[in-house]
Amino acid sequence: MNVVLERPALLTGEELLELGDIGPTELIEGEVVSMSPTQNLHGWIVMELARRVGNFNAERRLGWVLGAESGMFTRRSPDTVRGMDIAFISRQRLAVLTPGFLETAPELVVEIVSPSDRWEGIRQKIAEYFTAGVERVWIVEPGPRKVLVFRAITEFSELGEGDTLRGEGVLSGFDLPLDELFAE
């Protein structure tokens, strides 16, 4: 006797929104993938870096700083919605911030590496972000206290303690000494 198992129907990003609060998740090619809550250091770095970029933005009114795993479509049909630790999107790219997930790529996405993250998954996210139109991706590694600044999928620079993280493009003028970011 052959048993045929049915795959669950693939969800769209809009259907994911309709589910309401189902906890931390991402939508990967139409399938809901649960995510673990982040650890304290991860949360602190997210808030500190978002505050710094937010303060820079508040003085210039350039756009919006998003946090809290805000969703962004990186693919359609089947849909993939990634939760970004921090993102910046300018008013030039998005005139009005509306409810739902971002369909327009932000200029900057920041991901903070958690102990449970694997580089294969991080590389996949970086590729999706650039394919969607993101200009810069900052990967923050709390353990070794460094930041990888990606300008393309395979083009990056590595910054460590003693270095300064500098904004580029619409965020030119933003400077953050990494000694301050990692000063716990």
For Glu107, work out the one condition from (1) surrounded by 13 or more Cβ atoms within 10 Å (Cβ to Cβ); (2) among the acidic types (Asp, Glu); (3) modelled with pLDDT under 95 it doesn't fulfil. (3)
Hey, does the range 3-11 have a residue that's open to solvent by less than 40 Å² (accessible area, probe 1.4 Å) and either in contact with a helix residue (DSSP H, G or I) (Cβ under 6 Å, 6 or more places away or on another chain) or not in a strand (DSSP E or B) (or both)? no
Taking the conditions exactly as written (open to solvent by less than 70 Å² (accessible area, probe 1.4 Å) and without any contact (Cβ under 8 Å) to a residue 12 or more places away in the chain), does Val65 satisfy them or not? no
Answer yes if at least one residue in the range 151-166 is in contact (Cβ under 8 Å) with a residue 24 or more places away in the chain and closer than 20 Å to Arg118 by Cα, and no otherwise. yes
What number of residues within the range 80-103 are touching a strand residue (DSSP E or B) at 6+ places or on another chain (Cβ under 7 Å) and open to solvent by 50 Å² or more (accessible area, probe 1.4 Å)? 3
Candidate set from the range 129-179 (those that are of a type in the set (D, E, K, R), out of contact with any helix residue (DSSP H, G or I) (no Cβ under 8 Å at 6 or more places or on another chain) and outside any loop (DSSP other than H, G, I, E, B)); member that is most open to solvent (accessible area, probe 1.4 Å): Arg166
List every residue pair whose Cβ atoms sit under 8 Å apart, with the two residues 6 or more apart in sequence or on different chains, where the first one lies in the range 42-53 and is more than 18 Å from Pro115 (Cβ to Cβ) and open to solvent by 20 Å² or more (accessible area, probe 1.4 Å) and the second, anywhere, is hydrophobic (A, V, I, L, M, F, W, C) and at pLDDT below 95. Glu48/Leu181; Arg52/Leu181
Does Glu69 meet the test of being more than 18 Å from Gly133 (Cβ to Cβ) and in a strand (DSSP E or B)? yes
Answer yes or no as to whether Glu59 is open to solvent by 50 Å² or more (accessible area, probe 1.4 Å), of a type in the set (D, E, K, R) and closer than 28 Å to Glu180 by Cβ. yes
Out of curiosity, is Thr74 touching a residue at least 12 places away in the same chain (Cβ under 8 Å), open to solvent by less than 70 Å² (accessible area, probe 1.4 Å), in contact with a helix residue (DSSP H, G or I) (Cβ under 6 Å, 6 or more places away or on another chain) and β-branched (Val, Ile, Thr)? yes
So how many residues does the range 82-122 have that are outside any loop (DSSP other than H, G, I, E, B) and in contact with a Ser or Thr (Cβ under 9 Å, 6 or more places away or on another chain)? 9
Go through (1) closer than 22 Å to Arg145 by Cα; (2) within 16 Å of the chain's Cα centre (by Cα) and name the single condition Val81 misses. (1)
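The values are calculated or read from the model by the stated rules, or taken from the named source; none is laboratory data. For clarity, every value in this text was computed on a predicted model and none was experimentally measured. Neighbour counts run over all protein chains shown; Cβ positions are idealised from the backbone, glycine included. For the accessible areas, the whole protein counts, side chains as well, though only heavy atoms, and no ligand, DNA or RNA atoms are used. Shrake-Rupley method; radii C 1.70, N 1.55, O 1.52, S 1.80 Å.
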